[in-house]
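Readers should treat all values here as calculations from the given coordinates under stated rules, not as data from a laboratory. Only a predicted model underlies this, so the values are computations on that prediction, with no experimental measurement involved. Positions of Cβ are generated from backbone atoms using ideal geometry, with glycine treated the same way; all protein chains shown enter the neighbour counts.
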Amino acid sequence: MKLPDEPKTSSLLRTIKWIRDPVGYMEACQKKYGDIFTLQFSSSQESVVMVSHPQAIKKILTSDRVSAPGYTNKILRPLLGNNSLFLLDEESHQRQRKLLMPPFHGERMFQYGQLIDDITKKVTSKWVTNKPFPIRETMKEITMSVILQAVFGLYEGEIFQQIKKLISERLEMTSTPWGATLILIPSLQKDWGTWSPWGKIAHKVRQIDELLYAEISDRRSKLDPSRTDILSLLLLARDDEGRGLTDVELRDELMTLLVAGHETTATALAWAFYWIHKLPKVGKKLLNELDSLEDNPDPMAIFRLPYLTAVCNETLRIYPVAMTTLPRVVNSTIEIMGYQLEPGTEVIGSIYLTHQREDLYPEPKQFKPERFLHGQFSPYEYLPFGGGSRRCLGMALAQFEMKLVLATILSRTQLALADSRSIKPIRRGILLAPAGGVKMIFQGQRQCQDLPVESVAS
Ligand code: HEM
């Protein structure tokens, strides 16, 4: 079988480039080889075919000749465990998705509106005037509190604070290029005690596990069917034979939601604050729209605002925080962009490259929310949350949360970027994040409705 072209450099050099500058690397490959190319990293024996043409994206996400097995997400195993949704296959994956989906959709999800608003007001009330701070950190505090409440029904208290702190510390450990190298290259994952790099990480995970298992055991002992948080739901769930989930299965699913559900949304929010303040026209238009709402608006009214929706969509288009889909695997020979790919071939969709296509998004490097007011894009042209059987479980919650947090903060506070330089996208773990976390300055509460969004602090 002839695979699509691949860069001629050594696999080690490719891995370094992929870790240090994923955007630059994908763009360079696309320029040289087009909409389909092969990558092989020193971390794995298998080659991965990367595609960015909507027709190819559609095939990999929807064809029954391509599947989405859990083993391709093995880099997540050391943190999330074997029973994580990411690692499950076929039927068990579908069954678990069905179980976890309701709290992230419809009625149940919209009930989090008040909570998101309260948490946002509480966290931002601690802002100190005229002192630069990275807004991504504040956003992480908000999104972590929301997911802890949704997942455990925990708000404040000792366990809440401890889990929050330990998960943050653990994710921080793999957000640097060296940390990302450790997660991408399994042969480096040797636990030689807490003084060794991987040993430190493994120790942190054990500390988190202790808390999670203690909470699971405590909640098992006083099961309350009236509670609506996800842990209660999972504790009550039974399969066809009447079996419930084991503690290890519960731990893996809780960890999955905590990890997947907070840094992603926080990073997207940091990018949104950057663009809104970088481009005063965008900020002004957005404030006009927010000011048109009545006082204490209904979360649903905020959710439906067209320009706010367009700003969030464009934020996730220009720098999608998840750069690629999860890997897919060909299970029966399939033609993609002129290549016959044989069973076993791994294929991945580049969300970043698809979102940068000039034929879909003219002037792709420009932030233009209007594209989403005037145009419609298919799920294979615009896919910040992936698609098909592994489409992001938290998509609706993330979109809802982004809009409520932005609306609450922008309509009540006066913020500015700490400096006017353009911010570059960099890798933070497996996410595409703004370098420096977007330093902003809080200039005070917004006093009257006609005050515009400040762009850069004077
Ligand atoms: C802006 C925020 C977010 C972005 C951009 C994002 C993006 C993604 C993407 C691209 C995938 C892979 C989809 C595929 O390969 O087809 C994914 C999977 C997933 N996401 Fe998100 N996500 C976000 C927020 C969340 C939140 C809030 C949760 C928490 C509930 C979450 C939970 C998950 C889970 C559990 C999966 C795995 C699904 C499966 O394997 O079936 N995500 N996400």
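Determine the sum of side-chain charges near Tyr307: Lys and Arg each +1, Asp and Glu each -1, restricted to other residues whose C-beta is under 10 angstrom from that of Tyr307.
-1
What FRET efficiency comes out for the pair Ser221/Ser10, r = Cβ-Cβ distance, R0 = 45 Å, nearest 0.05?
So, using R0 = 45 Å, E works out to roughly 0.20.
Could you work out, for region 282-436, what percent of all Cα-Cα pairs fall into each 10 Å distance bin, beginning at 0 Å and stopping at the bin that holds the largest distance?
All Cα pairs considered, the percentages come to 9, 32, 35, 17, 6, 2.
Work out from phi, with θ = phi - 60° and the Karplus expression 6.51 cos²θ - 1.76 cosθ + 1.60, the ³J(HN,Hα) of each residue of region 63-68, listed in order in whole Hz, and give x for Gly and Pro.
Result, rounded to whole Hz: 5, 7, 8, 10, 10, 10.
Using a simple spin-label model with points 7 Å from Cα along the Cα→Cβ vector, what separation in nm is obtained for Glu107 and Arg206?
For the pair Glu107/Arg206, the computed spacing is 4.6 nm.
Can you tell me the FRET efficiency between Asn130 and Gln340 if r is taken as the Cβ-Cβ distance and R0 is 60 Å, rounded to the nearest 0.05?
0.45
Quick check on region 321-410: take the gyration tensor over C-alpha atoms, sort the square-rooted eigenvalues as a ≥ b ≥ c, and tell me if it's rounded (a/c under 1.5), prolate or oblate.
oblate
Distance in nm between label sites at Asp64 and Lys122, each 7 Å beyond Cα in the beta-carbon direction?
4.9 nm
For n ≥ 4 DSSP H runs only, could you compute -39500 (n - 2.57) per run for the chain, divide by its residues and tell me the 222 nm figure to the nearest 500?
For the chain, the value works out to -15000 deg cm²/dmol.
Above 34 Å lies some portion of the pair distances; for the chain, what is it as a whole percent of all C-alpha pairs?
Roughly 34 percent, rounded to a whole number.
Sorted by average packing, counted as other Cβ atoms within 10 angstrom per residue and highest first, what order do 345-357, 232-244 take?
345-357, 232-244
So for the chain: antiparallel DSSP bridges make up what percent, rounded to the nearest 5?
Within the chain, antiparallel bridges account for around 85 percent of the total.
Please compute the net charge surrounding Pro343, taking Lys and Arg as +1 and Asp and Glu as -1 over other residues with Cβ under 14 Å from its Cβ.
Result for the neighbourhood of Pro343: -3.
Just subtract the alpha-carbon distance of Asp295 and Gln55 from 0.36 nm times their residue separation and send over the number in nm, one decimal.
Between Asp295 and Gln55, full extension yields an extra 81.9 nm.
Quick check: from the Cα gyration tensor, does region 79-178 come out rounded (a/c under 1.5), prolate or oblate?
It is oblate, given that a/c is not under 1.5 and a/b is not larger than b/c.
Taking a ≥ b ≥ c as the square roots of the eigenvalues of the Cα gyration tensor of region 1-153, is the shape rounded (a/c under 1.5), prolate (a/b larger than b/c) or oblate?
oblate
Can you work out ³J(HN,Hα) from phi for every residue in region 46-58, in order, using Karplus 6.51 cos²θ - 1.76 cosθ + 1.60 and θ = phi - 60°, giving whole Hz and x for Gly and Pro?
6, 8, 10, 8, 9, 10, 9, 8, x, 5, 5, 4, 4
Residue by residue through region 241-255, which ³J(HN,Hα) values in whole Hz follow from phi under the Karplus form 6.51 cos²θ - 1.76 cosθ + 1.60 (θ = phi - 60°), with glycine and proline marked x?
Calculated HN-Hα couplings, in order: 8, x, 7, x, 7, 6, 4, 5, 4, 5, 4, 5, 6, 5, 4 Hz.
Efficiency by 1/(1 + (r/R0)^6): what FRET value for Asn82 and Thr228, r their Cβ-Cβ distance, R0 = 25 Å, to the nearest 0.05?
0.35
Summing Lys, Arg as +1 and Asp, Glu as -1, what charge do residues with Cβ under 15 Å from the Cβ of Asp295 carry, Asp295 excluded?
Here the count lands on -1.
Which whole-number percentage describes the relative contact order of region 11-445, with Cα contacts under 8 Å and a sequence gap of 6 or more?
Here the relative contact order equals 26 percent.
So how do 359-365, 86-92, 294-300 stack up, highest first, on mean other-Cβ count within 10 Å?
86-92, 359-365, 294-300
Amide H to amide H under 5 Å from Phe37: which residues, 5+ apart in sequence or cross-chain, H placed 1.01 Å off N in plane?
Sorted by chain and number, the residues that satisfy this are Met50.
If I model a spin label as a point 7 Å beyond the Cα along the Cα-Cβ vector, how far apart are those points for Lys98 and Ser168 in nm?
3.9 nm
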